[in-house]
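Worksheet for the structure shown next.
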Ligand code: UDP
C-alpha cells in the first residue's frame with residue numbers, strides 16, 4: 001500500500017481502502033478528468049485536492065483541469081449559483097453570451113484532454129457548457145452539482161438545462177436537490193477529509209495553546225457552534241437555548257465562532273444582533289476567525305462538550321460532520337442534510353426550537369453515559385458514511401456501473 005493510501009487506512013479502516021482497490025481494479029489506466037473553475041477556495045476545490053491524488057494512487061489516470069474566465073464570466077456564474085439556490089437572479093443576455101464564449105474558449109484549450117478521456121466529471125455550472133463544444137468526445141460525461149438546486153430560479157435553470165441534459169448522468173448531494181433531467185441521476189453526499197487541518201487529530205500541546213489563546217481553560221461545560229453569521233444558522237436561537245440551559249447548569253459556556261463579516265452586509269447585521277443578544281454575559285464568547293483558521297476551528301470543536309448547529313435551513317451542514325467526527329454529540333436543527341447525519345437519539349439530537357435544544361443540552365450534560373454512547377456512534381457513523389474515502393468509493397462505483405450499462409450483476413476482480 002502506498003503511504004497516502006496507508007494514511008487513509010489508518011483513519012478510515014483498512015477494509016475501506018481494500019474496497020477502493022477492488023473497485024479500481026477494472027479501471028486501471030483509465031483516464032478520468034475532473035473540471036471545475038478554481039483550484040483554491042470553496043468546497044469543490046477542497047474535495048478535488050485530495051480526491052484526485054487518491055484516485056491516482058489507485059492506478060487510475062486521474063486529472064484535474066481548471067477553466068479560466070474573466071470578471072464578467074464569474075459575475076455570470078455567481079448569479080447562476082444564486083439562481084440555482086432559488087434567488088430570482090435575472091442574467092443579462094450579454095453575460096449569458098459571455099458564459100458560452102468562455103466555455104467555448106476553454107473547450108478549445110482542453111479539447112484533446114477532454115475528448116480523449118474515458119470519464120469526465122464537470123463540477124457545478126461554470127464549466128457545464130464544455131460538453132457542447134466537445135462533439136467528438138469518446139468518454140462518458142457526468143455533471144456533478146454541489147449546490148442545493150432543489151428550487152432553482154426557472155429562467156436560469158432552463159438556460160443551463162439545455163447543456164446539462166446532454167450529459168450521460170448527473171450527481172446531486174441529496175435526493176431532494178435532484179432535478180427533472182433525461183438521464184440517470186445519482187446521489188452522492190459530500191464528505192470531509194479526515195487528514196485535513198480541519199479534521200486531523202491535534203496534539204495535547206496544540207489544544208492547550210488554543211485553549212490558552214482564547215482563555216478557555218476552566219470554561220466547562222462548553223457548547224460550540226461554528227458558522228457564518230447567517231440567520232438560517234440561527235445564532236440567536238443558540239443563545240436562547242444556552243440561556244435556558246444555563247439556569248440549570250450555571251457554569252455553562254458558549255462559543256459562537258464565525259468568519260469576519262465585513263464584506264457581507266447581512267453577515268455584519270446578524271453579527272450585530274448576536275452581539276446584542278449576548279451583551280452582558282461574559283460566558284458567551286463570539287469569535288471572528290479568518291477563513292484559513294482550520295486548526296483553530298478543529299481545536300474548538302475538539303474542546304466542546306457539545307457541538308451545536310441549530311440551523312433552520314441547511315444544505316448539508318459540514319460543521320455537523322466535523323463535530324461528529326471529533327466524537328462530539330451534535331444538537332442539530334431538523335433541517336436539510338443535518339437530518340441525514342444526526343439520527344435522533346442515536347448519533348445526536350434533532351431539535352426544532354431553542355426550548356428543544358435547551359432540553360437536550362441539559363439532558364446530555366446530566367447523563368454522561370448517554371453523551372459517551374452518542375459520541376462513539378457519531379464518530380462511527382461519519383467513518384462509515386461521510387469520509388472522503390466513501391465519496392471516492394461512490395465515484396468508482398458509478399464509473400464501474402456506467403461502464404457496464406444496465407447489467408444486473410457486475411463481477412469485480
Ligand atoms: N467554517 C470555518 N470558519 C468559520 C465558519 C465556518 O472554517 O468561521 C467552515 C466550517 O468548519 C465548515 C464550513 O466552513 O467546514 C461550513 O460548511 P457548512 O456546510 O457547515 O455551512 P455553509 O457555510 O456551507 O452553509
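Taking the 0 to 90 degree range and rounding to the nearest ten, how far is the long axis of helix 368-385 tilted relative to the main principal axis of the chain, both from C-alpha atoms?
10
How much length would be gained if the chain were fully extended between residue 72 and residue 403, taking 0.36 nm per residue of separation minus their Cα-Cα distance, in nm to one decimal?
115.4 nm
At 222 nm, what helix-only mean residue ellipticity would the chain give, in deg cm²/dmol to the nearest 500, using -39500 (n - 2.57) for each DSSP H run of four or more?
Estimated from H runs of four or more residues: -14500 deg cm²/dmol.
Specify whether the C-alpha gyration tensor of the stretch 1-160 places it in the rounded, prolate or oblate class, a ≥ b ≥ c being the square roots of the eigenvalues: rounded for a/c under 1.5, otherwise prolate if a/b is larger than b/c and oblate if not.
The shape class here is prolate.
In whole Å, what is the distance between the alpha-carbon centres of the stretch 97-144 and the stretch 233-249?
So the two Cα centres are separated by 49 Å.
Could you check the simple spin-label distance between residue 132 and residue 7, using points 7 Å along Cα→Cβ, in nm with one decimal?
The two pseudo-label positions are separated by 4.0 nm.
Among 358-368, 384-394, how do they line up from the highest to the lowest mean number of other beta-carbon atoms within 10 Å? Show your work: numbers first, answer last.
On the way: 358-368: 17.6, 384-394: 20.6.
Highest-to-lowest ranking by the protection proxy: 384-394, 358-368.
What's the ranking of 332-341, 266-275, 188-197 by average number of surrounding C-beta atoms within 10 Å, highest first?
Final packing ranking: 332-341, 188-197, 266-275.
Sort 238, 297 by Cβ crowding within 10 Å, fewest neighbours at the top.
The most exposed by this proxy come first: 297, 238.
Once you order the gyration tensor axes a ≥ b ≥ c over the Cα atoms, which shape class does the stretch 7-68 get: rounded for a/c under 1.5, otherwise prolate or oblate by comparing a/b with b/c?
In terms of gyration-tensor shape, oblate.
Report the calculated FRET efficiency for residue 187 and residue 95 (r = Cβ-Cβ distance, R0 = 41 Å), to the nearest 0.05.
0.85
Name the shape class, rounded, prolate or oblate, that the alpha-carbon gyration tensor gives for the stretch 189-292, where a ≥ b ≥ c are the square roots of its eigenvalues, rounded holds for a/c under 1.5, and otherwise prolate holds if a/b is larger than b/c and oblate otherwise.
It is oblate, given that a/c is not under 1.5 and a/b is not larger than b/c.
Over the stretch 261-413, what is the mean sequence separation of C-alpha contacts under 8 Å (at least six apart), divided by residue count, expressed as relative contact order in percent?
16
If packing is taken as the mean number of other Cβ atoms within 10 Å per residue, what is the order of 313-324, 216-227, highest first?
Result, highest mean first: 313-324, 216-227.
How long is the gain from residue 200 to residue 339 if the chain were fully straight, where each residue apart is worth 0.36 nm and the alpha carbon distance is subtracted?
Between residue 200 and residue 339, full extension yields an extra 47.6 nm.
Please work out how much length the chain gains when fully extended from residue 249 to residue 376, using 0.36 nm per residue of separation minus the C-alpha to C-alpha distance, in nm with one decimal. Let's see the in-between values first.
Working: separation 127, 0.36 × 127 = 45.72 nm, distance 2.42 nm.
Full-extension gain reported as 43.3 nm.
Values quoted throughout were computed directly from the atomic coordinates according to the rules given, and no laboratory measurement underlies them. In this text the structure is predicted, and so the values were computed from the model without any measurement. Glycine also receives a Cβ, built like all others from the backbone with ideal geometry; neighbour counts cover every protein chain displayed.
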